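These notes are about the structure you will find just below.
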Amino acid sequence: MNAIEPISPAGSTLKVYGVEVGSRLLLGTAQYPSPQVMANAVQASRAGIVTVSIRREAARANTGQRFFELIKSLGVRVMPNTAGCRTPREAITTAQMARELFGTEWIKLEVIGNDDTLQPDLFGLVEAATALSKDGFKVFPYTTEDLVAAERLLAAGCQVLMPWGAPIGSGRGLSNRYALRSLRKYFTGVPLIIDAGIGAPSHAAEAMELGFDAVLLNTAVAAAADPVRMAGAFAAAIDAGRAAYEAGLMEMRDMAAPSTPVAGTPFFDLDRS
Amino acid sequence: MQPEVAKHTSIHVNGEAARTRAASLADLVAERGFAENAVATALNGEFVARHARAATQLSPGDHVEIVAPRQGG
């Protein structure tokens, strides 16, 4: 028998920072038509981790706690983000506030470098990841496919990397396949999660087929006409893609190769005379 | 000596100008109607942990952030 240990029909489980997570889909909680649709979508997606954020609270409002109570009722692990932060200092303070509010050391670290592409400021990201790791955080850095930045983030203490598929909310899928493939080949033992840019279940399946450990997405589900059905579609795609990766995909060929046996083909001799 | 009266301090809360009688960050959180566990705080860009709010005095011109959980991607 080969070395792959089938744990579920969809293959082996995801392990990050020593924690086993029962799903390879991480789902965002923003932009849904209603809190109930969000809750139903999370359940339909079978996500084991959901992302959340912190925002300014108006005096005498209770918006944040109502939302947090709903999230807690879903029985999933929570990962706060530092979305919108543009400097390491903002990101570090945001992470510290999020850790106290959500009671977790997990942080999806975003340091945004450009308002139009929302691409990460890799220099600021490494700086913030270094400080937060020293402070006991388990950092999940939202990064690009840049290999050198990836090495710096690992040296900073990150045990997982989250390269983008495409800009946040763009729905373009894996726009730099070659670089993502080589990142996967290079960091064989590091959990790699494709974060952002996923627009369709086929994009998520492709990421899984390439051997990425998980996919983090939000808009593709939240902005669907029926977010709950779309969440289920992504769950199926991720299961299929992971199973395909573990099953071992065939090599691509440039020319055709008959699938039906050639030996014994009737009229073979006449045909080729 | 004049009797001690709580005076207003002009500060910024969540990016808006505000006048408060609160002397400490803990007082400000209470003045705004929040349970202490419901929000997290920062003063002038630095995180102030829940247990440190009572000992954190407010000064004119301070910038305070008071945040709570929210949806995120």
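The values are calculated or read from the model by the stated rules, or taken from the named source; none is laboratory data. Please read these numbers as outputs of a predicted model, since none were measured by experiment. Cβ coordinates were reconstructed from backbone atoms using ideal geometry, including for glycine residues, and neighbour counts include every protein chain displayed.
Some values worked out for this structure:
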| item | result |
| --- | --- |
| Residue check, A:L101 at negative phi and touching a residue at least 40 places away in the same chain (Cβ under 8 Å) | yes |
| Residues of segment B:3-19 that turn out to be in a strand (DSSP E or B), touching a residue at least 12 places away in the same chain (Cβ under 8 Å) and away from chain A (no Cβ under 11 Å), as a count | 4 |
| Residue list for segment A:90-119, filter: buried (at least 19 other Cβ atoms within 10 Å of the Cβ) and away from chain B (no Cβ under 14 Å) | A:V111 |
| Which listed residue is in contact with a helix residue (DSSP H, G or I) (Cβ under 7 Å, 6 or more places away or on another chain) and at pLDDT below 95, from A:G169, A:G241 | A:G169 |
| Hits in segment A:50-77 (condition: free of Cβ contacts under 8 Å to residues at least 60 places away in the same chain and in a strand (DSSP E or B)) | A:V50, A:V52, A:S53, A:I54, A:R55, A:R56, A:R77 |
| Test: residue in segment A:162-184 that is closer than 22 Å to A:V215 by Cβ and touching a residue at least 60 places away in the same chain (Cβ under 8 Å) | no |
| Elements of type helices (runs of 4 or more DSSP H) contained in segment A:186-273, each with 3 or more residues being in contact (Cβ under 8 Å) with a residue 60 or more places away in the chain | A:219-222, A:227-247 |
| Selected residue (criterion: nearest to the other protein chains (Cβ to nearest Cβ)) from residues of segment B:29-51 that are hydrophobic (A, V, I, L, M, F, W, C) and free of Cβ contacts under 8 Å to residues at least 12 places away in the same chain | B:F47 |
| Scan of segment B:20-50 for residues that are buried (at least 18 other Cβ atoms within 10 Å of the Cβ), polar (S, T, N, Q) and under 18 Å from A:G64 (Cα atoms), ordered by number | B:T41 |
